[in-house]
1. Given points 7 Å out from each Cα along the Cα-Cβ axis, report the Asp94 to Asn65 separation in nanometres with one decimal.
2. Cut-off under 19 Å on the C-alpha distance; same-chain residues fewer than 8 positions from Lys23 excluded. Which aspartates and glutamates are left, in chain and number order?
3. Could you list Leu44, Leu20 in order of exposure, starting from the residue whose Cβ has the fewest other Cβ atoms within 10 Å?
4. Would you list Tyr43, Tyr83, Tyr221 from fewest to most Cβ contacts within 10 Å?
5. At q = 0.11, 0.12, 0.26 Å⁻¹, what log₁₀ I(q)/I(0) does a Debye calculation on the Cα points of region 181-251 give, no solvent, two decimals?
6. Please compute the net charge surrounding Ala12, taking Lys and Arg as +1 and Asp and Glu as -1 over other residues with Cβ under 10 Å from its Cβ.
7. How many nm is it between the label spots at Lys55 and Leu72, if each spot is 7 Å from the Cα in line with the beta carbon?
8. May I ask for the net charge around Trp247, where only other residues with Cβ less than 9 Å from the Cβ of Trp247 are counted and Lys, Arg are +1 while Asp, Glu are -1?
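Each reported figure results from applying straightforward, stated rules to the coordinates on display, with no laboratory input. Computed from a prediction, not measured in an experiment: that's the story for all the values here. Glycine also receives a Cβ, built like all others from the backbone with ideal geometry; neighbour counts cover every protein chain displayed.
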Amino acid sequence: MNAEIRLKEYRAIWISDVHLGTKGCRAEFLLDFLRVTESDYIYLVGDIIDGWRLKRGWFWPQAHNDVVQKLLRKARKGCRVIYVPGNHDAFARDYVGNSFGSVEVVEEAVHLTADGRRLLVLHGDEFDGIVCYARWLAVLGDNAYTLALHLNRWFNQLRRWMGYPYWSLSAYLKDKVKNAVKFIGDYENTVMEAARHRGVDGVVCGHIHHAMIRTAGNQLYANCGDWVESCTALVEHFDGRLEIIHWPQVLSTVVGMSECAS
């Protein structure tokens, strides 16, 4: 598939919520994306490895290892790879200030865009009251979410059998739940307010698995999404413009063009 996609070069790429170590992780999609993209910076914006799930049982197929190796190769070739741990890979916060295989581990970062904007980069779990103040409720929610991802996997196997492209049932259900929509809006506003107090021009985060770019006044909010539901990344073009890449849509477009050509 990736042979049909032309190499895309970006100034920076942000990836979050990959959840390596879980069955819901779409590692093959992420590998395809990494193979056909080059950038000066890659920010790993937390929950790259799911330590919560791995503590309950080991799950680490070859594709998950391939993702790690691909990122390490990019770092060795000169791409600056910066890892900002999240709540599911909080164990990595013990290594803040260190580098592993040229991958820098930091608590948070500030990215300067080509057009001069300063963007605070963090995972964002510190702004989620459920995670901060009621961890047992977060774990309960994680179990329900895992069930939704399990159903999503079977749902997409049926879609492939019927000739349809990947589509996230779990993301669709989350978007339709009123309380979830309100939570997302509150979360975005809280993160933007924190960035405003920090004196930066905006924030890039993850955590809630909801890719988005929006502005309020002069403040920018960007969420790079995830690689278990929507399979999205945030990218910066060389003129400083930001864009969300929806990888399943890219693949379905390539398939459609191939079918038309044949």
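1. The two pseudo-label positions are separated by 2.3 nm.
2. By straight Cα distance, Lys23 reaches Asp32, Asp47, Asp50, Asp66, Asp89, Asp142, Asp226, Glu229.
3. Sorted ascending by nearby Cβ count, the order is Leu20, Leu44.
4. Tyr221, Tyr83, Tyr43
5. -0.27, -0.33, -1.21
6. 0
7. The two pseudo-label positions are separated by 2.5 nm.
8. Numbers: positive: Arg26; negative: Asp32.
With Lys, Arg at +1 and Asp, Glu at -1, the net is 0.
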